[in-house]
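Asker: One structure is given below, represented as structure tokens, and several questions about it will come after.
All of the numbers you see were taken from the coordinates with simple rules; none came from a lab. Nothing here was measured: the structure is a model prediction, and the numbers come from that model. For neighbour counting, all protein chains shown are included, and Cβ atoms are generated from backbone atoms with ideal geometry for every residue, glycine included.
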């Protein structure tokens, strides 16, 4: 009889694992259970579906059930696994459409259960008009409400919160962002955070930093505002909760798998859990940081895909290893692209590095070529020797590519001196003769001992 | 008495050397002689001055004589060095404004004499309306003629030829490009060259490849057309010669310095010539290729600046070494950005590498996010082991940044497998979850043995 692979969770990580395993070993019997109505959806695209840039929910789907079937992957949506029996090697599944419960046996099990939005423990979080944004269903619901809303409050000034804030503002709503920390995107250096705040404010978004929402106010079960710790009340008919996510590990915990940092499922570099017949990948488990080697919880689509593929390889006996992560991030806040990778200076110091940083501002084209946009570039590096630890770039659309150069440089263990010697491309219409990267490297070199 | 540094040539390389040396050793007596009227001009910006995107010649100037004087650098424009006396350690200078000849003694001499345009040995190359584009004076002359011209022929389909072709077309001229090789930008893979040709043709530029200009036709001393080897005659009132440059080494040859590949001045990694008191930097000398270690002639502004700085360091006793070059290039042809670094497949094979390549096409954004532009990405790598040797990207403005990631990866000696493991940034508005770089790496990995 063919070996049976059961995958819990039918988005990025789970389907990467299923596809890779099936492609490498076509005789494998692969079954996927997905709780929502949608497989393989680009959750990162949800803010743009809410804002209307993406027309239909289906546009976010890479592979639907039929396409997966053609790959030999038997996928069941609206099916929730509610129990794992490691003794008997089977899962208990409930079909959500009619409540029927059945068992599915496995030889190998993959947990790709993802993450769930954190909900603040304050009064009013369950009022109508208060939403999180995680699933396609969330997106459909939120988009339908946006059309009838005038004033939105986004609680949480991280990447997703700001993307939704931008999109809500673009659809014409009055938008206020409430962030607990004293700045937005706290992984950025302070002056870089300020630039993000400026971009939001210049587009009419009101930003509250160092502000804590203590209550969501309602009337007759409907939200009408948010109360802050300083007593201020912001009126709103729509509240988005975007204070982060936590790994969805109830099944893992129920069956006694070991958990790691932030409660994420503990895995080794092959994505194997503490049970050798169970793998985990994606937002439900941790990854390993390239620079520290430590387990870190970095729930991102890029990582989920890569971990899924590595799980898939190992399932069929190919000993692949997950590459480390740098926590590379990018977003666009109106006309400002914000990208970061590796460690911030404060974070690097906490990890025990003798980190310093420098920030430069330089146009992304030759000074005389029209249309240049200032790029703000931060490098974080070891004071002794100058090994690169992190980078941030804010500016036009080319900021992302510039941070990607640093992703490669950091992964390769380069120093700021080596960075400054790179033979980067130059043409007046595309870059200045000294690229912002080289200017930053040259500035950084002065601080190296 | 202070040590005397004399620099011949007042643009990128020469002024980088002068500035670095003066800054590191303020008591140094620094004199620069520049033959043209302009110092420190961005020659790469000349096509955009001709096309009118750059308004004034002065916009191309980074540092003029007064600004250089404030840095303690005594700069003389319209001064041509006509002889170097290595015995007596002095140069013979002619002041071009009045023909006065004088001697200037040196302790250290820097040759930054640049390159000169190649002129084809065909009849009519000296007709009125036939131009090269190298100096600001060339640019001023060409721009004044463009206004009265209707039909232009660009002889030479390299980067500069295509930039001028684009600009002439943008100003409304009928433009034809004549290229001897069977494709444009022959350092690109064939299908990539075709994409460049398509971009030109879709904007109305007529492209002749595998075509040799055998005569420039004229009447009463004025150009009126170009005759091709196949007998075809193209009518034109403006002809740009852009078939490449050769190092300007007449002074170096006169005083008996050793020459290297392509007749460029021979230098060591410290930019020192065969005379230990004479340095050379920029387009008059060669550089060393990062991958082969061999001397190569790559006359580019980026290299010139870096070589100048290295010369400046060594002049004052700091033993700096020039980094190798990959020959990284980028340009924009209408809406197509074309970037390349390292070796092409054919070139790599000629250098003895067991090179293979692969090319993929992928949108530069998430498929569902509006405005994505297809990026065509080529990787060249060693079949055995997969070490990266070169890369090309053609597409929207982000193509340049993607090639720069490869610049870092190649400099670090990465393999296609390591490239595929990079934690590149992702957001639907900025990149697909599998960046074109990662897709190319994954495709390449299949060819690695």
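Asker: Remind me, relative contact order of the range B:64-170 in percent, using alpha carbon pairs under 8 angstrom and six or more residues apart?
Answerer: Rounded, it is 11 percent for the range B:64-170.
Asker: Can you give me the C-alpha center-to-center distance between the range A:189-241 and the range A:394-428, rounded to a whole angstrom?
Answerer: 35 Å
Asker: Taking the protein assembly as shown as the region of interest, what is the percent of Cα-Cα pairs per 20 angstrom bin, listed from the shortest bin to the one with the maximum distance?
Answerer: 14, 41, 31, 13, 2, 0
Asker: In what sequence do B:62, B:290 fall when counting other Cβ within 10 Å, fewest first?
Answerer: By the 10 Å Cβ count, ascending: B:62, B:290.
Asker: Of the residues B:316, B:178, B:196, which exhibits the maximal mean-square fluctuation in a Gaussian network model of chain B defined by a 10 Å Cα contact cut-off?
Answerer: B:316
Asker: Placing a label point 7 Å from Cα toward Cβ, how far apart in nm is residue A:202 from its equivalents in the other copies, listed shortest first to one decimal?
Answerer: 3.2
Asker: Something else now. In square nanometres, what is one fourth of the surface area of the convex hull spanned by the alpha carbons of the range A:335-444?
Answerer: Averaged projected area of the range A:335-444's Cα convex hull equals 6.2 nm².
Asker: Suppose you put the label 7 Å out from Cα in the Cβ direction; list, shortest first and in nm with one decimal, how far residue A:228 is from each other copy's label.
Answerer: 6.9
Asker: If I take all pairs of Cα atoms in chain A, what percentage of them are more than 37 Å from each other?
Answerer: Percent of Cα pairs beyond 37 Å in chain A: 32.
Asker: Shifting gears a bit: For chain B, set up a GNM with springs between Cα atoms under 10 Å and report which of B:345, B:58, B:382 has the largest fluctuation.
Answerer: Result: B:58 has the largest fluctuation of those listed.
Asker: Order of A:304-314, B:184-194 by packing, highest average Cβ count within 10 Å first?
Answerer: Going by the mean number of other Cβ atoms within 10 Å, highest first, we get A:304-314, B:184-194.
Asker: Here is a further query. How large are Rg and Dmax for the range B:289-353 when calculated on the C-alpha trace, in angstrom?
Answerer: Rg and Dmax of the range B:289-353, Cα atoms, are 14.8, 47 Å.
Asker: Taking R0 as 60 Å, what's the FRET efficiency between residue A:446 and residue A:212 from their Cβ-Cβ distance, rounded to 0.05?
Answerer: 0.90
Asker: To the nearest Å, what is the center-to-center distance of the range B:102-165 and the range A:296-373, using C-alpha atoms only?
Answerer: Between the Cα centres of the range B:102-165 and the range A:296-373 lies a distance of 44 Å.
Asker: I need the inter-copy label distances for residue A:293: point set 7 Å along Cα to C-beta, values in nm with one decimal, smallest first.
Answerer: Residue A:293 label point versus its equivalents elsewhere: 3.2 nm.
Asker: Mean-square fluctuation check for chain B, GNM, Cα pairs under 10 Å: which of B:398, B:75, B:303 is largest?
Answerer: B:398
Asker: Give the relative contact order (percent, whole number) for chain A; include only Cα pairs under 8 Å separated by 6+ residues.
Answerer: Once divided by the residue count of chain A, the mean separation gives 13 percent.
Asker: Let me understand the range A:37-87 better: what is its radius of gyration from the alpha carbons, and its Dmax, in angstrom?
Answerer: Cα radius of gyration and Dmax of the range A:37-87 are 14.3, 48 Å respectively.
Asker: Which chain B residue puts its Cβ closest to the axis that rotates B onto A, and at what distance in whole Å?
Answerer: In chain B, the Cβ lying nearest the symmetry axis toward A is B:401, 1.
Asker: Something else now. Nearest 5 is fine: what % of DSSP beta bridges in chain B come out antiparallel, could you say?
Answerer: Expressed as a percentage, antiparallel bridges in chain B total about 60.
Asker: Let me ask something else about it. Can you give me the pair-distance distribution of the range B:90-150, C-alpha pairs, 5 Å bins, whole percents?
Answerer: Computed distribution, short to long bins: 4, 12, 14, 16, 16, 14, 11, 8, 4, 1, 0.
Asker: Another question, if that's okay. For the range A:2-147, with equal point scatterers placed on the C-alpha atoms only and solvent neglected, what are the log10 I(q)/I(0) values from the Debye formula at q = 0.14, 0.16, 0.20 1/Å, to two decimals?
Answerer: Ignoring solvent entirely, the Cα scatterers give -0.73, -0.91, -1.21.
Asker: Additional query: Take every Cα pair under 8 Å in the range A:335-444 that's 6+ residues apart, average their separations, divide by the length, and report that relative contact order as a whole percent.
Answerer: In percent, rounded to a whole number, it is 32.
Asker: Against the 2.2 N^0.38 Å scaling, with N counting residues, where does the range A:126-208 land? I'd like the Cα-based Rg ratio to two decimal places.
Answerer: Relative to the 2.2 N^0.38 Å estimate, the range A:126-208 comes out at 1.10.
Asker: I would also like to ask the following. Just to verify a number: FRET efficiency for residue A:118 and residue A:141, C-beta to C-beta distance, R0 = 25 Å, to 0.05?
Answerer: Given R0 = 25 Å and the Cβ-Cβ separation, E is 0.85.
Asker: Helix-derived [θ] at 222 nm for chain A: sum -39500 (n - 2.57) over DSSP H runs of at least 4, divide by residue count, nearest 500?
Answerer: -7500 deg cm²/dmol
Asker: To check you understand DSSP bridge types, tell me what percent of the beta bridges within the protein assembly as shown (both residues inside) are antiparallel, rounded to 5.
Answerer: Given both bridge residues lie in the protein assembly as shown, the antiparallel proportion sits at roughly 60 percent.
Asker: Take every DSSP beta bridge whose two residues both sit in the range B:119-243, then give the antiparallel share in percent to the nearest 5.
Answerer: Rounded to the nearest five, the antiparallel share is 35 percent.
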